[in-house]
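In what follows, a single structure is set out as structure tokens and then discussed.
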Ligand code: C2O
Ligand code: CU
């Protein structure tokens, strides 16, 4: 469809959506405190994240509360923070530790704490309806978290992520394995990537009763590193810097490169180290989608700075810089070897099973309501009638239809994960896997759906290895918990079903999760 035709359809669609929006908007109502208040009066100013070391048996309080912070809006706006920090504090725990996190809710909404990727007890997973109930405003709840795996994890609410996570509630968890005696370690730097949608000097409005922008997700117009546009860090000339990268955006996939670096090595993905670090250059590109993590070692130049760059086929945008400053740095010359040796041993049993037939196929699909369906290229029956459509772009780097998307909610679009064996969809899916089994699961992202796009699929409570994507075998396996499935592709994952319980799996585009794209599986 040509742009002009599409624009005309969008205009029609928008006027009907606007009417629907007006009709459902609540009236002014009584003078109850407004949960959606946007004022900053009296709010403390957000601080940059601190690193907090927690020993085995420690207790730590995380308070979620409003703060004033400027995510590129031009002035501080009302955001949410853990312990006054945007992003939240980086929690650092030794492998094998158990800690108690006391979550205090000073938000005007229910919230929870979800330890993303952490193989914790199902009861502590922070998913209302499956584990503890949500914590009401003013309430406190204790989460007992255990950390069996070394790697990079993170925490965020599992209630209306489209709003709560977007407004600042996300933090890293780094779990340290044992260090070989005398092993030198690089300088470390957390790098939480995000974007933010600024409109009229504030956050673009969120859907009150249901997440808006449910079609393609909420893409921001400002890019953030560690909660700030144009973030800058420093390191010594020539130093090795280990970046712990998280994509905490609602919808955006980043493709990173590091112009100015002497070299870049890929060290780890999600919850696990690669068997062997992969050597790259300043021009190598590293993909990270919502919920995924990457550990990258950047070798600083002798002078000058390293740019943290996001490039798509259409645009190049810089997220921040690492400036080399001070005397030439010490620190590790090479990547420490011990975590990689442990990863090789730990991955071997799963890799040996990754060629076995898939025991489950989960299809990724979408059903559009009549208004959106008529505006999509190819019309309501695009997949079946008319001329064949060209193959979808594997990744949507930006919102292709921001106006159409803006007011779309779960009432207009249902995102679907379907168990191919039974046809059951989303929360109706029932699958039980034997505890201790290694199971291949095929994630099939239908390329002929009404709106094919990428989906970062996350399994709670377990770890997996990506065996292949689009039929191409993965030559850099590592333990993961989230995998990006490009539009029209299959991803085959080999799951270590070791952690008992009933667990959620879902797309990590916040708005897709809110528009249905989740199911559960049981390990028993
Ligand atoms: Cu990062 Cu179900 O979550
Ligand atoms: Cu999705």
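Let's see how each residue does on (1) touching a residue at least 40 places away in the same chain (Cβ under 8 Å); (2) assigned to a strand (DSSP E or B); (3) touching a helix residue (DSSP H, G or I) at 6+ places or on another chain (Cβ under 8 Å):
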{"site": "173", "(1), (2), (3)": "yes, yes, no"}
{"site": "185", "(1), (2), (3)": "yes, no, no"}
{"site": "208", "(1), (2), (3)": "yes, no, no"}
{"site": "212", "(1), (2), (3)": "yes, no, yes"}
{"site": "233", "(1), (2), (3)": "yes, yes, no"}
{"site": "237", "(1), (2), (3)": "yes, no, no"}
{"site": "241", "(1), (2), (3)": "yes, yes, no"}
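Note on segment 447-478: residues that are under 19 Å from residue 293 (Cα atoms) and away from ligand 1 (no atom under 16 Å from the Cβ) amount to 11.
Counting the residues of segment 505-522 that are surrounded by fewer than 23 Cβ atoms within 10 Å (Cβ to Cβ) and either over 13 Å from residue 414 (Cα atoms) or near ligand 2 (Cβ under 9 Å from one of its atoms) (or both) gives 3.
Considering each of 59, 24 in turn, give the residue that is exposed (fewer than 13 other Cβ atoms within 10 Å of the Cβ) and at pLDDT 95 or above. Criteria check complete, one pass: 59. Can you find even one residue in segment 247-258 that is buried (at least 19 other Cβ atoms within 10 Å of the Cβ), over 19 Å from residue 312 (Cβ atoms), touching a strand residue (DSSP E or B) at 6+ places or on another chain (Cβ under 6 Å) and modelled with pLDDT of 95 or more? Checked segment 247-258: no residue is buried (at least 19 other Cβ atoms within 10 Å of the Cβ), over 19 Å from residue 312 (Cβ atoms), touching a strand residue (DSSP E or B) at 6+ places or on another chain (Cβ under 6 Å) and modelled with pLDDT of 95 or more. The lone criterion from (1) part of a loop (DSSP other than H, G, I, E, B); (2) modelled with pLDDT under 95 left unmet by residue 358 is number (2).
Starting from residues that are in contact with a helix residue (DSSP H, G or I) (Cβ under 7 Å, 6 or more places away or on another chain) and crowded, with 24+ Cβ neighbours inside 10 Å, keep the ones in segment 259-297 and report whichever is modelled with the lowest pLDDT.
Going through segment 259-297, the residues in contact with a helix residue (DSSP H, G or I) (Cβ under 7 Å, 6 or more places away or on another chain) turn out to be 272-277.
Those left that are additionally crowded, with 24+ Cβ neighbours inside 10 Å: 272-273.
Details: 272: 91, 273: 97.
It comes out as 272.
Looking across 435, 502, one residue alone is away from ligand 2 (no atom under 13 Å from the Cβ), assigned to a strand (DSSP E or B), surrounded by fewer than 21 Cβ atoms within 10 Å (Cβ to Cβ) and at pLDDT 95 or above. It is 502. Taking strands (runs of 3 or more DSSP E) as the structural unit, those lying wholly within segment 48-159 and holding at least 2 residues that are within 19 Å of the chain's Cα centre (by Cα) correspond to 77-82, 90-94, 114-116, 151-156.
Would you call residue 477 closer than 25 Å to residue 267 by Cα and either out of contact with any helix residue (DSSP H, G or I) (no Cβ under 8 Å at 6 or more places or on another chain) or within 16 Å of ligand 2 (Cβ to nearest atom) (or both)? Can you show your working first?
Values: closer than 25 Å to residue 267 by Cα: yes; either out of contact with any helix residue (DSSP H, G or I) (no Cβ under 8 Å at 6 or more places or on another chain) or within 16 Å of ligand 2 (Cβ to nearest atom) (or both): no.
Here the answer is no, as residue 477 does not meet what is asked.
The values are calculated or read from the model by the stated rules, or taken from the named source; none is laboratory data. Keep in mind the model is a prediction, meaning the values are calculated, not measured. Cβ atoms come from the backbone with ideal geometry, glycine included; neighbour counts cover every protein chain shown.
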